[in-house]
Amino acid sequence: MRMRRTLAYLVFASCVVVFVVKNRAADVRSGDWTISKSNDAGKVEFSLIEHHHGGTSSHQSDWPASSFQGVDFAKPGRQDVRFTIARDAGKIECEGFLNNGEGAGLFHFQPDANYPREMHALGFSVDDEKQFSMAVQDVGLEFAKQMKSEHLSDLDADKLIAFRIFRVDSAFIEALRAEGLKISDADKLVAFRIHGVTPQMVRSLHQAGYSPDEDTLIAMRIHGATPEWMAELKQRGYDHVDLEKLIAFRIHGVSPEFIQKLQGLGYSHPDPDDLIAMRIHNVTPEYISDMRARGIHDLSIDQLVSMRIHGID
């Protein structure tokens, strides 16, 4: 009887081990990786393509070649490779091949069991999906602590991932603040990076006597109201135009060239609102010249706009 009980226990235990191993294997995230050449020196284009029940998802960006320890990208011909990308959130273990510095293979992600708890202690909630993304984007514990110390509003795990993707870090935040911008909105920082708002831009505007808020800076970049473009306007006599009007200039097509042509026709310094109205209603230099060719001279801007509104061509 004792022998039967022992045998039954061993069979049961082996079944439990198989069940646990299978479930652990199911929990491991896996997929394909590819590496190709990058246009940036010292970097490669690295992609991770994950396969799951909902289909596939991918992460692709340029990585420093030094991230792949033990891999010789300069080696000619084909080579088998095996490398591990170690992050605080876990390890991405890869194997496959390279051929003249480019190749593909399989990856498996081993999450760090302590990471979610340590992040929770910092005030960030991390699930399985986020943990994999945080490993890929290298959202380390030290980075999370640094961002926490910046006292940003609406900062969560998703924002930390976005910060890594768009290169928002303490140096960027502090450089903006050093220029007098009291920024604390996490979303605005990401938008700054996406649209190209830089500390240099803020400094240039402050030196010109402006005090733009975050939304105005983003709008200026979206519509191309750059300091360089503003310098061209200054040469035409438009030195300190309200920033909202400058954005309207860009939206409606009031350009230095447009102003120059109007000045050539005798309109030496139209009001910014008049310039915007002319573009909205298609009062072009060509239209003014055509009216003059018909013997209609000395029209004010208000008269020209009114003629266009009433369909006088």
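What follows is calculated from the coordinates using simple rules that are stated; it is not laboratory data. All figures in this text were calculated on a predicted structure; none of them were measured in a lab. Cβ coordinates were reconstructed from backbone atoms using ideal geometry, including for glycine residues, and neighbour counts include every protein chain displayed.
Of note:
- Against the rule of thumb 2.2 N^0.38 Å, how large the Cα Rg of the chain comes out: 1.56
- Charge-dipole axis of the chain as Lys and Arg at +1 and Asp and Glu at -1 on Cβ define it, positive-most pick from Thr216, Ser30, Leu205: Ser30
- What you get for the chain, charging only the Cβ of Lys and Arg (+1) and of Asp and Glu (-1), is a dipole of about 1380 debye around the Cα centre.
- Pairs from the list Lys182/Lys261; Lys43/Lys130; Lys75/Lys145 with a Cα-Cα gap above 30 Å: Lys182/Lys261; Lys75/Lys145.
- Residue-span extension gain [Asp185 to Lys91] - 0.36 nm each, minus C-alpha spacing: 30.7 nm
- The ratio of the alpha-carbon radius of gyration of the stretch 28-111 to the globular-protein estimate 2.2 N^0.38 Å is 1.06.
- Between Ser149, Pro227, Ala113, the Cα set farthest toward the positive side of the dipole of the chain (charges on each charged residue's Cβ, about the Cα centre) is that of Ala113.
- FRET efficiency for the Ile194 to Asp128 pair, using the beta carbon distance and R₀ = 25 Å, is estimated at 0.35.
- Stretch in the chain that is longest and holds no trypsin sites (Lys or Arg not before Pro) that DSSP places in a loop and that have at most 10 other beta carbons within 10 Å: 1-166
- Using alpha-carbon coordinates, inclination of helix 243-252 to the longest axis of the chain, degrees: 90
- Overall, the anisotropy analysis places the stretch 171-313 in the prolate class: the square-rooted eigenvalues a ≥ b ≥ c of its C-alpha gyration tensor yield a/c not less than 1.5, with a/b exceeding b/c.
- By the compact-protein rule of thumb, 2.2 N^0.38 Å, the alpha-carbon radius of gyration of the stretch 115-212 corresponds to a ratio of 1.17.
- Model label points for Glu244 and Gln69, set 7 angstrom from Cα along the Cα-to-Cβ axis, are 5.6 nm apart.
- Inter-part distance, the stretch 200-260 to the stretch 54-95, computed on C-alpha centroids, equals 44 Å.
- Listing Asp62, Asp274 from fewest to most neighbouring C-beta atoms within 10 Å gives Asp62, Asp274.
- Contour excess over end-to-end distance, with Cα ends at Glu45 and Gln110 and 0.36 nm allotted per residue: 21.2 nm
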